[in-house]
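This report refers to the structure that appears directly beneath it.
The values are calculated or read from the model by the stated rules, or taken from the named source; none is laboratory data. Since the structure is predicted, the reported quantities are computational estimates derived from the model, not experimental observations. We place every Cβ from the backbone using ideal geometry, glycine too, and count neighbours over all the protein chains shown.
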Amino acid sequence: MRNAPVTIPLLAATLAAAIACTDQSPLGPAPNVLDRSSVVTTPASGTWAKIVEGETGPGSLYALYVPQNWNREIVYYAHGVRPPVPYAPISLADQDNFFAVRDALGALGYAFAYSSFSENGLAVKDGAQRTHQLRGILNAELPDKPERSYLAGYSLGALIALELAEKHPNQYDGVLAMCGTVGGTPRELQYVGDVRALFDAYYPGALPGNVISVPTPPPTLDEVKAIVIRAITPTPANPQAPLGMYAIASTAQTPLAYAPIGSLGDPTSTAFQSLVGSLITALYYQLLGTPDVVDRTHGQSPYDNRNTVYTMGAAAIPPGIPAALIHSMIAASNQRVARYDITPAAQNYLEKYYVPTGNLQIPVVSVHNFWDPLVPFFHEPALAQAAASAGASGMLLQRGIPNYGHCNFSTPLVVSSFQTLTGWVRTGIKPAS
């Protein structure tokens, strides 16, 4: 690798896809207030015949969009993870381009409903409750009883949608899970925790706190970027600084995603840029989310690597660096890495909210980028194995997208994936791919 400053020109676009947006959902023309908890808007033109916004529960907001030419089918959407309050407000914000998807599906005749949830962070329990609650709240606002109801979700919301489908299969007709933590909450937290534990082993003292304890407020995204870039940049005093990052990426438990375009030894290449982006993304979310997760487990450790043996996985190294060197670094990390123990209560909480059973009784279409920097693609084979063990493989269709990024899907891709789901539901015939 060249002994040169590391530049990261692609990271802004990369990380923007993983960080929640905070734009507020716009209302249309002057509303007609039905009661103190809901506001109805009737646009004079455009896709939507009626827009209803209101509040349920302790601070949970909701929105329902009914199109001009409703086809008597409705989509219940669950959003992805958002930074905990006070770092982001509870709102009906756009996120992962779902406003564009909402409008595209509305143009096809689908009603669209979603909730802010009443919590941010790892709000699986609350998100499932608030999303499921929409059915009862919004029935009176629809022109007629829906003939079909679909669940859709991005990231954390995909897991929420999957949970609702497994627990209430008679109330929904199909699921579209996009870029989801569909292998379960423990698997995702283990990955993020392992990345942080190994980063601390290779770059001790670079980041504040540790895997289960971080300062409040945590470092900003820009601060995390600066710390990581400084740590991995080779200097005359430490020309092998990048090797720790390559070792983390080559460890079976922490397969940092990168787009295989160009050389990992070229700091200007897409491969190198995306690898650094994946490291920053995992560390940023570990710092941002740990206090929220620890609070949900009542101060108990939600992470365990006491008996983890870190091993060599697929080599993610540039030309000229011997695989044997990285292998030896990974082996040595087992003596250097800090060890943590999860408590049974914390483990039970993470499994309850949520590990999919795989007992799928309605069609599920799951779509995932091959190179996702936040929710690795390994979630998909985990879900496939759960479905196979439950004898439900026939209800699961998975699609891998040769792209880098988290939930950065184009609107046409999401719409076509949804149409695959609806065609499957209507015909009863599972698509070939």
What residue, among those in the stretch 70-88 that are of a type in the set (Phe, Trp, Tyr) and assigned to a loop (DSSP other than H, G, I, E, B), is surrounded by the most Cβ atoms within 10 Å (Cβ to Cβ)?
70
Would you confirm, using the coordinates I've provided, whether residue 74 is in contact with a Phe, Trp or Tyr (Cβ under 7 Å, 6 or more places away or on another chain), more than 28 Å from residue 413 (Cβ to Cβ) and aliphatic (A, V, I, L, M)?
no
Residue count, the stretch 311-363, condition polar (S, T, N, Q), under 21 Å from residue 241 (Cβ atoms) and touching a strand residue (DSSP E or B) at 6+ places or on another chain (Cβ under 9 Å), comes to 1
Contact list, first residue from the stretch 139-150 and of a type in the set (Asp, Glu), second anywhere and assigned to a loop (DSSP other than H, G, I, E, B), beta-carbon distance below 7 Å, six or more apart or interchain, is 144/72; 147/72
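Condition check ((1) at pLDDT below 95; (2) farther than 22 Å from residue 395 by Cβ; (3) assigned to a helix (DSSP H, G or I)) across all residues:
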{"position": "90", "(1), (2), (3)": "no, yes, no"}
{"position": "106", "(1), (2), (3)": "no, yes, yes"}
{"position": "122", "(1), (2), (3)": "no, yes, no"}
{"position": "127", "(1), (2), (3)": "no, yes, yes"}
{"position": "135", "(1), (2), (3)": "yes, no, yes"}
{"position": "150", "(1), (2), (3)": "no, no, no"}
{"position": "157", "(1), (2), (3)": "no, no, yes"}
{"position": "165", "(1), (2), (3)": "no, no, yes"}
{"position": "180", "(1), (2), (3)": "no, no, no"}
Based on this model, can you work out whether residue 187 counts as closer than 18 Å to residue 255 by Cα and surrounded by fewer than 20 Cβ atoms within 10 Å (Cβ to Cβ)?
yes
Is it fair to say residue 161 is hydrophobic (A, V, I, L, M, F, W, C), part of a helix (DSSP H, G or I) and buried (at least 23 other Cβ atoms within 10 Å of the Cβ)?
yes
The condition from (1) within 14 Å of residue 152 (Cβ to Cβ); (2) in contact with a Lys or Arg (Cβ under 9 Å, 6 or more places away or on another chain); (3) of a type in the set (Gly, Ala, Ser) that residue 394 misses is numbered (1)
Which residue pairs have Cβ atoms under 6 Å apart, sit 6 or more places apart or on different chains, and have a first residue in the stretch 290-305 that is farther than 12 Å from residue 84 by Cα and a second that is in a helix (DSSP H, G or I) and aromatic (Phe, Trp, Tyr)?
297/349
Quick one: is residue 135 over 22 Å from residue 181 (Cα atoms) and without any contact (Cβ under 8 Å) to a residue 60 or more places away in the chain?
yes
Take the conditions at pLDDT 95 or above, surrounded by fewer than 23 Cβ atoms within 10 Å (Cβ to Cβ) and of a type in the set (D, E, K, R) and apply them to residue 144. Does it pass?
no
Checking residue 111 against (1) hydrophobic (A, V, I, L, M, F, W, C); (2) surrounded by fewer than 17 Cβ atoms within 10 Å (Cβ to Cβ); (3) touching a strand residue (DSSP E or B) at 6+ places or on another chain (Cβ under 8 Å): exactly one of these is not met. Which one?
(2)
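Yes/no matrix, rows are residues, columns are (1) charged (D, E, K, R); (2) in contact with a Ser or Thr (Cβ under 6 Å, 6 or more places away or on another chain); (3) assigned by TED's automatic domain parsing to the domain that holds residue 293:
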site	(1), (2), (3)
323	no, no, yes
330	no, yes, yes
335	no, no, yes
385	no, no, no
393	no, no, no
396	no, no, no
May I ask you to list the residues in the stretch 114-123 that are within 22 Å of residue 39 (Cβ to Cβ) and surrounded by 19 or more Cβ atoms within 10 Å (Cβ to Cβ)?
114, 115, 116, 117
State whether the residues of the stretch 346-358 include one that is touching a residue at least 12 places away in the same chain (Cβ under 8 Å), small (Gly, Ala, Ser) and more than 19 Å from residue 212 (Cβ to Cβ).
yes
Kindly provide the set of residues from the stretch 255-301 that are among the β-branched types (Val, Ile, Thr) and within 16 Å of residue 189 (Cβ to Cβ), ordered by number.
281, 290, 293, 294, 297
Can you pull out the residues in the stretch 128-141 that are surrounded by fewer than 17 Cβ atoms within 10 Å (Cβ to Cβ) and either within 30 Å of the chain's Cα centre (by Cα) or more than 15 Å from residue 54 (Cα to Cα) (or both)?
133, 136, 139
Across (1) at pLDDT 95 or above; (2) of a type in the set (A, V, I, L, M, F, W, C); (3) within 17 Å of residue 154 (Cβ to Cβ); (4) not in a helix (DSSP H, G or I), residue 18 clears everything bar (1)
What are the residues in the stretch 182-204 that are closer than 22 Å to residue 152 by Cα and of a type in the set (Lys, Arg), if any?
187
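Do you know which residues across the stretch 306-317 are part of a loop (DSSP other than H, G, I, E, B) and touching a residue at least 60 places away in the same chain (Cβ under 8 Å)?
308, 310, 311, 313, 314, 315, 316, 317
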Looking at 193, 209, 205, can you tell me which residue is within 23 Å of residue 330 (Cα to Cα), more than 25 Å from the chain's Cα centre (by Cα) and either assigned by TED's automatic domain parsing to the domain that holds residue 290 or of a type in the set (Val, Ile, Thr) (or both)?
205
